[in-house]
Ligand code: SF4
C-alpha cells in the first residue's frame with residue numbers, strides 16, 4: 001500500500017466531497033471555469049496536465065499557475081475523491097484493492113499482471129467499478145447481493161486507475177469496466193469518464209485499451225456505438241436461451257436475446273469493433289450440445305470471440321433460489337465445450353481466473369466490508 005500519513009488521510013477525508021471534485025468536469029468545463037474567473041484559456045490546459053499527466057493532488061503544488069488562480073481553485077474544488085482502504089495480493093500476482101469513498105462506501109478494483117514467456121511483465125490490466133453495489137442482481141454475482149447503493153461519478157471511476165498506478169509505481173495498460181456495477185446504467189458518468197480517459201490531453205489510455213462489459217442494456221449499447229471514441233464491448237451472455245438467461249440474469253426480461261443481438265449488430269456495424277461474449281459455464285445449466293449450437297450461431301452474427309469463464313464460488317453470500325443451484329463446470333467440461341465451439345469455427349478462449357486465493361468473486365471484499373460495518377461477521 002502506498003504511504004499515506006494519518007494527517008493526510010484525515011485532511012482528505014475532511015475535505016473530499018465537501019466541495020465538487022474537479023475531475024468531474026469535462027475539459028471544456030475546466031476551460032469555461034478558468035475563463036469565467038478572468039484567466040486565459042491556456043491555464044485550463046496547465047491544470048489538466050497537472051492533474052492527469054503529473055498526477056498532482058493539491059492545487060498548491062501546481063507551480064505554473066498564478067497564486068490567485070490556485071486560491072480560486074482551492075476554494076471551489078477538491079482533487080482527491082477516493083482512498084486506498086485495503087488490498088489483498090494473490091500468489092498469481094493479481095491484487096484486489098478496496099477503496100473508500102468520501103461517504104464511507106466501498107468499491108473494488110482488481111489489478112492483473114500479464115507476464116511473457118520469460119516471466120517479465122508484459123502488460124497490466126485493471127478491472128474497475130462503475131457503481132457501489134449493482135441493481136442488476138445476476139444470480140452468479142456477489143456484487144448483486146449488495147443491492148444498488150449509488151452510481152460512481154467520473155472522478156471516482158478515473159481515480160481507481162490513479163490510486164493503483166501510484167501504489168504500484170506502474171502504468172496501467174488496459175482497463176476493463178467489469179467490476180462492481182452495470183456501467184451502462186450509469187451512462188452519463190461512465191461516458192464522461194471515458195471521454196476524459198481517452199483524451200489526448202489526459203494521456204491515460206487509448207480507446208483501444210478499454211473494454212466496457214455490460215449485462216446487455218440494449219438501448220445504451222446503441223447509444224455507446226454512436227460515441228465519437230467507441231471502446232471494446234464485452235457482453236455478459238452466460239446463456240443461449242431467454243429462459244435460462246432470465247433465470248440467472250433478470251435484466252434479460254427487459255432486454256431479451258432478440259433485442260440484445262439487434263443492439264450488438266448495430267454496435268458492430270457502427271464501430272467495426274469485434275465483440276467479446278463472456279460465458280460462465282455452469283454444470284447442467286448452459287453446457288449442452290444444444291447450447292454449443294446456439295452459442296455458435298450467436299457468435300457468428302458479427303465478428304466475435306467467446307470467453308469461457310469458470311464460476312467463482314459465492315457461497316459466502318448465503319445464496320438463495322437459483323443462485324444456490326449453480327454448479328461450476330470442471331476444467332475438463334470447459335475444455336470439451338470450447339473444443340466443440342472451435343469445431344464450429346468460433347474463436348474461443350478459456351479465461352484464466354486471477355486471484356483464486358484472495359476472494360476472487362466480484363464484490364466479495366466490498367461485501368465483507370459492508371458486513372463488518374453492520375457488525376454481521
Ligand atoms: S455481474 Fe455485473 S451486472 Fe450482474 S449483478 Fe454483478 S456487477 Fe451487476
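Condition (residue is within 28 Å of residue 269 (Cα to Cα) and either assigned to a strand (DSSP E or B) or outside the structural domain of residue 239 (by TED's automatic domain parsing) (or both)) applied to segment 308-327: is it met by at least one residue? Within segment 308-327, one or more residues are within 28 Å of residue 269 (Cα to Cα) and either assigned to a strand (DSSP E or B) or outside the structural domain of residue 239 (by TED's automatic domain parsing) (or both).
Here is a yes/no grid of residues against (1) under 28 Å from the mean Cα position of the chain (by Cα); (2) at pLDDT below 95; (3) exposed (fewer than 12 other Cβ atoms within 10 Å of the Cβ); (4) in a loop (DSSP other than H, G, I, E, B):
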position	(1), (2), (3), (4)
3	yes, yes, yes, yes
13	yes, yes, no, no
23	yes, no, no, no
28	yes, no, yes, no
39	no, no, no, yes
43	no, no, no, no
56	yes, no, no, yes
70	no, no, no, no
83	yes, yes, no, no
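In segment 52-62, is there at least one residue being in contact (Cβ under 8 Å) with a residue 60 or more places away in the chain, out of contact with any helix residue (DSSP H, G or I) (no Cβ under 7 Å at 6 or more places or on another chain) and assigned by TED's automatic domain parsing to the domain that holds residue 214? Checking segment 52-62: not a single residue is in contact (Cβ under 8 Å) with a residue 60 or more places away in the chain, out of contact with any helix residue (DSSP H, G or I) (no Cβ under 7 Å at 6 or more places or on another chain) and assigned by TED's automatic domain parsing to the domain that holds residue 214. Got at least one residue in segment 147-166 being more than 10 Å from the ligand (Cβ to nearest atom), in the same structural domain as residue 279 (by TED's automatic domain parsing), more than 19 Å from residue 103 (Cβ to Cβ) and surrounded by 23 or more Cβ atoms within 10 Å (Cβ to Cβ)? Within segment 147-166, one or more residues are more than 10 Å from the ligand (Cβ to nearest atom), in the same structural domain as residue 279 (by TED's automatic domain parsing), more than 19 Å from residue 103 (Cβ to Cβ) and surrounded by 23 or more Cβ atoms within 10 Å (Cβ to Cβ).
Where helices (runs of 4 or more DSSP H) fall entirely within segment 123-215, those with at least 2 residues that are at pLDDT 95 or above are at 154-168, 187-197. Put simply, of 178, 131 the only residue that is surrounded by fewer than 23 Cβ atoms within 10 Å (Cβ to Cβ) and touching a strand residue (DSSP E or B) at 6+ places or on another chain (Cβ under 9 Å) is 178. Right, residue 137: within 15 Å of the ligand (Cβ to nearest atom) and surrounded by 21 or more Cβ atoms within 10 Å (Cβ to Cβ) or not? Considered against the rule, which asks whether it is within 15 Å of the ligand (Cβ to nearest atom) and surrounded by 21 or more Cβ atoms within 10 Å (Cβ to Cβ), residue 137 comes out as no.
Residues in segment 223-254 that are farther than 18 Å from residue 299 by Cα and assigned to a loop (DSSP other than H, G, I, E, B): 226, 227, 228, 229, 230, 231, 249, 254.
The values are calculated or read from the model by the stated rules, or taken from the named source; none is laboratory data. Here the structure is a predicted model, which means the values were calculated and not measured. FYI the Cβ positions are ideal-geometry reconstructions off the backbone, even for glycines, and counts take in every protein chain you see.
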